[in-house]
1. Tell me which residues, restricted to the stretch 126-162, are part of a helix (DSSP H, G or I), away from ligand 1 (no atom under 16 Å from the Cβ) and touching a residue at least 40 places away in the same chain (Cβ under 8 Å).
2. Give the residues of the stretch 110-125 that are under 23 Å from residue 361 (Cα atoms) and either without any contact (Cβ under 8 Å) to a residue 40 or more places away in the chain or not in a helix (DSSP H, G or I) (or both), sorted by residue number.
3. For residues that are within 16 Å of ligand 1 (Cβ to nearest atom) and more than 19 Å from residue 16 (Cα to Cα), tally how many sit in the stretch 112-125.
4. Scan the stretch 336-368 for residues that are under 23 Å from residue 105 (Cβ atoms) and under 22 Å from the mean Cα position of the chain (by Cα) and report the count.
5. If you check residue 96 against the conditions, is it closer than 28 Å to residue 372 by Cβ and surrounded by 23 or more Cβ atoms within 10 Å (Cβ to Cβ)?
6. Does residue 133 satisfy being surrounded by fewer than 23 Cβ atoms within 10 Å (Cβ to Cβ) and at pLDDT below 95?
7. May I ask you to verify whether residue 183 is assigned to a strand (DSSP E or B), more than 16 Å from ligand 1 (Cβ to nearest atom) and more than 29 Å from residue 280 (Cβ to Cβ)?
8. Limited to the stretch 155-188, what total is found for residues that are within 20 Å of residue 260 (Cβ to Cβ) and buried (at least 20 other Cβ atoms within 10 Å of the Cβ)?
Ligand code: NDP
Ligand code: MG
């Protein structure tokens, strides 16, 4: 039996890594739906190479162009997930890897039609966890976080009783500016911020790694996924990006999970339920040289001011949605060179000081409409601040 798989965000970093795995075991997979936004060349080459049943393309101009190019081919080119005619057909696996809150709606749609959902898109967990959780329960969909830290934390937690957990450390590489003198931060350009020293990732998450916002988002993600209080978690700097989870137990033992910094490892393990020989996909023998220097140290709040957002996280139910939306706007404007790197954290705190902040932060995110209302307020407020 072939594994029927769909990938939301197939042209991105997570999407192409997943397709690398599929390519090596081509005969085992049947590709149902791929989706992307605007990368015409990669969309066309994925249609030719992987022969998906459907390709959903968000950008209308690119959608029309691709549709015209493949008009005689069997593949269905669509602009809207709702038009998928095999929507009721169960996918064995769907990988959710559209960045930002834009990934939430397709994730919810595919939970209904998938047996197992691999969640890379942390922003949809942050904003829509209640919806994701209840829909997956209703449809008996297995949820597997594939953000490397959460995949690793879950692997350790699955072996223990939750009441035996004392502390969970979330490791941060520190990004490209871990050792840059702070006086030079004012000169940081997008080109510097998207060059991560350890991981090859999309632009948004790379900038989030440079500001440490990625870890703040991951802290919220862990809080939602594993349901421990925020004070059970601690973010620590680990420049080698080799230990992805550290879980301290009440019995005095601490468990680490180590793997090399390549997303192919958590993704392949999630696809094959850890019954996989990683040598099929990834060759390395770095372990001996790198295990000699595993460093861990506390976060410097001067270098990474966003760390001071943590105490604010617990105050109101929808603070995470507001922080996430403001951050999306700020990264977008930083990448367009409209705001400076240093101002990203200043604006985040400014949004939380807005006179209407509490009014929106206390609203319950019970459905998509209420999530979007809170998200839109935060986007509008952030845009007003920067323009
Ligand atoms: P990329 O920017 O590399 O890729 C994004 C993908 O989503 C592309 O296929 C893009 O299409 C598509 N896309 C963007 N916007 C839309 C939209 N509105 N509708 C449909 N498709 C869209 O991102 P990453 O792969 O790096 O990250 C994806 C998610 O996974 C993020 O939430 C990130 O936080 C998370 N993650 C990523 C990790 C990594 O190593 N990269 C690690 C852990 C988590 P197109 O190319 O056509 O624009
Ligand atoms: Mg991560």
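The values are calculated or read from the model by the stated rules, or taken from the named source; none is laboratory data. If you're wondering where the values come from, they're calculated on a predicted model, not measured in any experiment. When we count neighbours, we look across all protein chains shown, and the Cβ atoms used for this are built from the backbone with ideal geometry, even at glycine.
1. 130, 131, 156, 157, 162 - these are the residues of the stretch 126-162 that are part of a helix (DSSP H, G or I), away from ligand 1 (no atom under 16 Å from the Cβ) and touching a residue at least 40 places away in the same chain (Cβ under 8 Å).
2. 121, 124
3. Counting residues in the stretch 112-125 that are within 16 Å of ligand 1 (Cβ to nearest atom) and more than 19 Å from residue 16 (Cα to Cα) gives 3.
4. 4
5. Answer is yes for this residue.
6. no
7. no
8. Count: 7.
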